[in-house]
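The values are calculated or read from the model by the stated rules, or taken from the named source; none is laboratory data. Because the structure is a prediction, the values reported are computed rather than measured. No Cβ is skipped: glycine too gets one built from the backbone with ideal geometry, and neighbour counts run over all protein chains shown. Heads up: the accessible areas ignore ligands, DNA and RNA and are worked out on the full protein's heavy atoms, side chains in. Shrake-Rupley method; radii C 1.70, N 1.55, O 1.52, S 1.80 Å.
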Amino acid sequence: MIKVKIDRNADGSIRSFAVSGHALYADPGKDIVCAGVSSVTVGTVNAIEALTGVVLISRMKDGFLRAAVPELDPEDKSDQVQLLLEAMVVMLNSIENAYGEFITVSDGNTIHSRRR
């Protein structure tokens with residue numbers, strides 16, 4: 001099972017996220033759940049860097065990705081970074097809604113978690 005954990009600051013902004021595990025929905029190379037989650041999470045990290053210039057503090061290895069938002073001044077595109085991260089959460093929740101036995105998303109802020 002893939003486990004996604006979203007960590008938030010007191011103001012509700014996303015501080016970091018971690019993804020671990022394997023979906024085991026299908027054989028490697030044919031696992032659409034794993035491919036979807038990888039595309040959404042790695043794509044978000046890449047989009048943040050490409051579109052905002054902000055480089056997340058990240059670590060990735062087989063079956064694991066963790067990314068944290070560096071300290072940003074308010075004028076340092078923090079709103080844009082947060083919008084992209086919130087979009088990622090919506091996409092991950094959509095995958096969870098369709099394939100819930102293969103992925104769980106835990107979100108530290110109940111306001112944003114599991115919109116169904």
Task: Filter result for the condition that a residue is among the hydrophobic types (A, V, I, L, M, F, W, C) and surrounded by 15 or more Cβ atoms within 10 Å (Cβ to Cβ), over VAL37, VAL55 - done: VAL37
Open item on the list: Return the pair list, or none, for Cβ contacts closer than 7 Å from residues in the stretch 90-102 that are farther than 18 Å from ALA26 by Cα and of a type outside the set (D, E, K, R) to residues that are part of a helix (DSSP H, G or I) and open to solvent by 40 Å² or more (accessible area, probe 1.4 Å), at least 6 apart or on different chains.
Closed with: none
Task: Unmet criterion (only one of (1) touching an Asp or Glu at 6+ places or on another chain (Cβ under 9 Å); (2) open to solvent by 30 Å² or more (accessible area, probe 1.4 Å); (3) at pLDDT 95 or above) for VAL69 - done: (1)
Task: Residue count, the stretch 8-31 (criterion: β-branched (Val, Ile, Thr) and free of Cβ contacts under 8 Å to residues at least 60 places away in the same chain) - done: 1
Task: Criterion violated by VAL105 - all others in (1) at pLDDT 95 or above; (2) open to solvent by 20 Å² or more (accessible area, probe 1.4 Å) satisfied - done: (2)
Open item on the list: Need a quick list: strands (runs of 3 or more DSSP E) entirely within the stretch 1-76 having at least 3 residues that are closer than 23 Å to TYR99 by Cβ and β-branched (Val, Ile, Thr).
Closed with: 2-8
